[in-house]
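See structure below.
The values are calculated or read from the model by the stated rules, or taken from the named source; none is laboratory data. Source: prediction; values computed, not measured. Using ideal geometry, Cβ is built from the backbone for each residue, glycine included, and neighbour counts are taken over all protein chains shown.
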Amino acid sequence: MRFPRPLVLVVGALIAFLYAPVAVAVVFAFNSGSTLSVPLQGLSLRWFRAVLADPGFRDALTNSLLVAVVTAGGTALIGTASAFVIVRRRSRPVAALEGFSRLPVMLPPLLIGASLLTTIAASGVALSLMTVTVGHLVYVIPYVVVVVVARLRSVDLELEQAARDLGAGPLETFRRVTLPLLTPAVLGAAMLAFAFSFDEILITTFTSGLDSTLPMFIVSKMRRTIDPSINAVATVLLLVPWIALALALVTTRRSIARAPAPGSAGGGESA
């Protein structure tokens, strides 16, 4: 299919507008000079070595990875359990629960962060990485629920019924039939949660206290000075979520490709 040239130009300009700043930041991360100007003074890993030698960067990176990993694991457990309730129990309260579970997606992260800070202050809990993780869970769980619900609704119940007819108990049926079918979707959703958590800053700013994450490290560093080391940190911040999103996309596509067509389990027997 051939598209009109004006449409191609508009789409190309939009893509350039979106990704040109990112490309510039990545290119300047490898600049051997100390100025952010063209032409580049050479290609070097100088600024990556500089940030890796910075204890503040290492601490912020460790905090971000820790929070993102815990958030990914927590959302996988909570999101999967919520998906089972939503899909397997049909009632008005459950339908309302499904609607409310998507509410954080429609709320600005600024509002979520301010609300969490008010709640945390009222409860007397000290701000720490634990409160950051709780904030990220609130923000990310709806995305995981949507992914797992979509996959669970495509699972043919006749597969589970066949396992029960063959003598498998509820736990064994879940472990040997349902869980293998859900695993790619759950892993993909967890990686998506990891990517969102790793570079989240608004909620983190409200709930972090004295602990710093990688996005906060970049913001604080830009307040003092602007040098190519900021681009090196931004490149790391860019690559980690993109790798997680790529893995999430691959696992989700595999989940969809392996999904049996609804009714296929019993279609052959009835024929």
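Would it be correct to say that Ala168 is farther than 30 Å from Val27 by Cα, of a type in the set (A, V, I, L, M) and part of a helix (DSSP H, G or I)?
Taking the combined requirement at face value, the residue does not satisfy it.
Looking only at residues in the stretch 54-78 that are at pLDDT below 90 and more than 14 Å from Pro215 (Cβ to Cβ), which one is surrounded by the fewest Cβ atoms within 10 Å (Cβ to Cβ)?
It comes out as Pro55.
Give the residues of the stretch 1-24 that are modelled with pLDDT under 80 and either under 28 Å from Pro241 (Cβ atoms) or aliphatic (A, V, I, L, M) (or both), sorted by residue number.
Across the stretch 1-24, the qualifying residue is only Met1.
Kindly evaluate Ala76 against the criterion of being small (Gly, Ala, Ser), within 30 Å of Pro142 (Cβ to Cβ), more than 22 Å from the chain's Cα centre (by Cα) and part of a helix (DSSP H, G or I).
no
Among the candidates Phe48, Phe84, which residue alone is part of a helix (DSSP H, G or I) and more than 24 Å from Gly188 (Cβ to Cβ)? Reasoning before the result, please.
Numbers: Phe84 fails: more than 24 Å from Gly188 (Cβ to Cβ).
Result: Phe48 is the single residue among Phe48, Phe84 that is part of a helix (DSSP H, G or I) and more than 24 Å from Gly188 (Cβ to Cβ).
Residues being surrounded by fewer than 19 Cβ atoms within 10 Å (Cβ to Cβ), hydrophobic (A, V, I, L, M, F, W, C) and in a helix (DSSP H, G or I): count how many of those fall in the stretch 211-235.
3
Does Ala83 meet the test of being at pLDDT 90 or above, surrounded by 15 or more Cβ atoms within 10 Å (Cβ to Cβ) and out of contact with any Cys (no Cβ under 8 Å at 6 or more places or on another chain)?
Details: at pLDDT 90 or above: no; surrounded by 15 or more Cβ atoms within 10 Å (Cβ to Cβ): yes; out of contact with any Cys (no Cβ under 8 Å at 6 or more places or on another chain): yes.
Answer is no for this residue.
Only one of these conditions is not met by Leu238: (1) at pLDDT below 85; (2) over 21 Å from Ser32 (Cβ atoms). Which number is it?
(2) is the only condition that Leu238 fails.
Table: residues versus (1) among the aliphatic types (A, V, I, L, M); (2) in a helix (DSSP H, G or I); (3) at positive phi; (4) in contact with a strand residue (DSSP E or B) (Cβ under 8 Å, 6 or more places away or on another chain).
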| position | (1), (2), (3), (4) |
| --- | --- |
| Tyr143 | no, yes, no, no |
| Arg151 | no, yes, no, no |
| Val155 | yes, no, no, no |
| Glu158 | no, yes, no, no |
| Leu179 | yes, yes, no, no |
| Thr183 | no, yes, no, no |
| Ala189 | yes, yes, no, no |
| Thr204 | no, yes, no, no |
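Can you name the residue in the stretch 98-139 that is exposed (fewer than 15 other Cβ atoms within 10 Å of the Cβ) and over 22 Å from the mean Cα position of the chain (by Cα) and, of all such residues, is nearest to Val149 (Cα to Cα)?
Only one residue tops the list, namely Thr119.
Residue by residue through the stretch 89-108, note down the ones that are free of Cβ contacts under 8 Å to residues at least 12 places away in the same chain and either aliphatic (A, V, I, L, M) or closer than 22 Å to Leu157 by Cα (or both).
Within the stretch 89-108, Arg89, Arg90, Ser91, Arg92, Val94, Ala95, Ala96, Met106, Leu107 meet the criteria.
From Ser212, Ser264, which residue is on the phi < 0 side of the Ramachandran plot, at pLDDT below 75 and more than 15 Å from the chain's Cα centre (by Cα)? Before the answer, list the steps.
Working: Ser212 fails: at pLDDT below 75.
Ser264 is the lone residue from the list that is on the phi < 0 side of the Ramachandran plot, at pLDDT below 75 and more than 15 Å from the chain's Cα centre (by Cα).
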